[in-house]
1. Would you point out which residue out of 396, 374 is closer than 24 Å to residue 21 by Cα, in contact (Cβ under 8 Å) with a residue 12 or more places away in the chain, away from the ligand (no atom under 16 Å from the Cβ) and touching a Phe, Trp or Tyr at 6+ places or on another chain (Cβ under 6 Å)?
2. Across the stretch 437-474, what is the total count of residues that are in a loop (DSSP other than H, G, I, E, B) and within 18 Å of residue 397 (Cα to Cα)?
3. Run residue 432 past the list (1) within 16 Å of the ligand (Cβ to nearest atom); (2) open to solvent by less than 40 Å² (accessible area, probe 1.4 Å) and report the number of the one that doesn't hold.
4. Among the residues of the stretch 29-65, write down those that are under 20 Å from residue 89 (Cβ atoms), open to solvent by 10 Å² or more (accessible area, probe 1.4 Å) and small (Gly, Ala, Ser).
5. Can you tell which of 391, 387 is in contact with a Gly (Cβ under 7 Å, 6 or more places away or on another chain), open to solvent by 10 Å² or more (accessible area, probe 1.4 Å), among the acidic types (Asp, Glu) and away from the ligand (no atom under 16 Å from the Cβ)?
6. Based on what the data block shows, is residue 17 out of contact with any Ser or Thr (no Cβ under 6 Å at 6 or more places or on another chain) and either over 26 Å from residue 94 (Cβ atoms) or polar (S, T, N, Q) (or both)?
7. In the stretch 401-421, is there at least one residue being within 15 Å of the ligand (Cβ to nearest atom), part of a strand (DSSP E or B) and among the hydrophobic types (A, V, I, L, M, F, W, C)?
8. Find the residue count for the stretch 1-28, including only residues that are under 17 Å from residue 425 (Cβ atoms), away from the ligand (no atom under 14 Å from the Cβ) and either in contact with a helix residue (DSSP H, G or I) (Cβ under 6 Å, 6 or more places away or on another chain) or in a loop (DSSP other than H, G, I, E, B) (or both).
Amino acid sequence: MSDSPTVHRFPAGFLWGAATSAYQVEGAAAEDGRTASIWDTFCRTPGKVFRGHTGEVAADHYHRFREDVRLMAALGLTAYRFSVSWPRVQPTGRGPVVQQGLDFYRRLTDELLANGITPVATLYHWDLPQELESAGGWPERTTAERFAEYAALVGEALGDRVEHWTTLNEPWCSAFLGYGAGVHAPGRTDPVAALRAAHHLNLGHGLAATALRDLLPASAQLSVSLNLHALRPLTPSAADQDAVRRIDAVGNRVFLGPMLEGAYPEDLLADTAHLSDWAFVRAGDTKEIHQPLDWLGVNYYTTTVVSAAEGTAPAREDGHGAGTGSPWPGADRVGFHQAPGEQTAMGWVVDPTGLHQLLTGLAHRHPDLPLMVTENGAAYHDEIGEDGTVDDPERTAYLHAHLTAAHRALTDGADLRGYFAWSLLDNFEWAYGYEKRFGLVHVDYPTQARTPKSSAHWYARVARTGELHPPTGG
Ligand code: IFM
């Protein structure tokens, strides 16, 4: 073990993982009783997803999970973050479970445990059963209640083998890209529905956390994963600082406020007062949402530069492209700017300082809350070379830079417990279909052949040693 001061050592027990989500990798969309989610419907709607791609087959993880767990073990990963598909275990979003659906997750978690890999289960990664959307979706309170029932069913089935639970993944995307911008399923463009959805996702999180605490062993670890926006003003002007405040309110504090502090931010309520009086927040709701968490998941990809702008801001977020609505209710007069610097294939600027900013900011405000980076990674135009390997030095450099930032946050006091690369496998990147590849492992979709990229081999060395060496040390 080198004593070089430039080698960064992560604490013993730090979780080294990779993440996926059900709709993006599983496939088997119509097998064993699974019915449609809002993403199946969205994919079938012309013009919504790149070239009409769907998650029907995806990376076929449903059938190939054993091979995928073997790959994880060979890479030395100590944790795997996956999501449970609600329409696979409870197709209509209410009533009894489909045993075959649950059995898939039992087999998957058994296989992980047998290989010494800690399962980290997310209960909702955007695949709402279509029947619940037809009944109103997340803008309706009943969806939060259904979610808590579903969470309890999964908790009962897997609680003996899963210790780490995440209620929601990136509720900002579900609420504001799904119901505001319309670029994600279900494709609605209604700012009031987006605010209502945000509240009912918060409520669903709180109700599910309560239900899980009641039935899981005391050792269970509960969490939520948020895609927090690392914001920068275009200039130091007061107007641009106010643009940061507005986006922070509707992008970050709309979840952090009720989940971690038991209240919606006053400035968010004021910014959106012309749209809604928030009467959908009932007495006791914020108390219900404010549940103790064992750790907070932070998903980070890039920074966002904003300014005060005259007129209506372009409806874009982090390169998701123009939808027909805005994902920023109450922040119409905010402009979004491309920061200078190297970009990934998503057009997202590579800026690891944003990860340090988020982790240290959270540690400062919530010093007793452990943190986990539950997603971080980059898409690049990966190709299989003539020798059958996939060389992706840009991804290795991206991961190296972000792990360096994460280590700096640890040194600066953040209680960071783990890091999950997004993603284990190339997969269905939502509205971008299979065009964007985020995997450590390349997937050749026609044959489903898996090829670990050079970044996977690099990450494996970090995971095995818990040490981050300077880039030249490979
Ligand atoms: O692929 C997504 C994932 O589903 C949620 N977080 C961002 C990733 C990259 O866009």
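1. Details: 374 fails: away from the ligand (no atom under 16 Å from the Cβ).
Of the residues listed, the single one that is closer than 24 Å to residue 21 by Cα, in contact (Cβ under 8 Å) with a residue 12 or more places away in the chain, away from the ligand (no atom under 16 Å from the Cβ) and touching a Phe, Trp or Tyr at 6+ places or on another chain (Cβ under 6 Å) is 396.
2. Residues of the stretch 437-474 that are in a loop (DSSP other than H, G, I, E, B), as a first pass: 437-440, 445-448, 453, 466, 469-470, 474.
Next cut, within 18 Å of residue 397 (Cα to Cα) only: 437-440, 453, 466, 469-470, 474.
Total satisfying the criteria: 9.
3. Unmet for residue 432, out of (1) within 16 Å of the ligand (Cβ to nearest atom); (2) open to solvent by less than 40 Å² (accessible area, probe 1.4 Å): (2).
4. Correct list: 29, 30, 33, 36.
5. Details: 387 fails: in contact with a Gly (Cβ under 7 Å, 6 or more places away or on another chain).
The unique qualifying residue is 391.
6. Numbers: out of contact with any Ser or Thr (no Cβ under 6 Å at 6 or more places or on another chain): yes; either over 26 Å from residue 94 (Cβ atoms) or polar (S, T, N, Q) (or both): yes.
Answer is yes for this residue.
7. Checking the stretch 401-421: at least one residue is within 15 Å of the ligand (Cβ to nearest atom), part of a strand (DSSP E or B) and among the hydrophobic types (A, V, I, L, M, F, W, C).
8. Restricting attention to the stretch 1-28, the residues satisfying the condition of being under 17 Å from residue 425 (Cβ atoms) are 16-28.
This time we only want the ones that are away from the ligand (no atom under 14 Å from the Cβ), so: 16-17, 27-28.
This time we only want the ones that are either in contact with a helix residue (DSSP H, G or I) (Cβ under 6 Å, 6 or more places away or on another chain) or in a loop (DSSP other than H, G, I, E, B) (or both), so: 16, 27-28.
Count: 3.
The values are calculated or read from the model by the stated rules, or taken from the named source; none is laboratory data. On a predicted model such as this, the values are computed, not experimentally measured, just so you know. For neighbour counting, all protein chains shown are included, and Cβ atoms are generated from backbone atoms with ideal geometry for every residue, glycine included. With ligands, DNA and RNA removed, areas are computed over all heavy atoms of the protein, side chains included. Shrake-Rupley method; radii C 1.70, N 1.55, O 1.52, S 1.80 Å.
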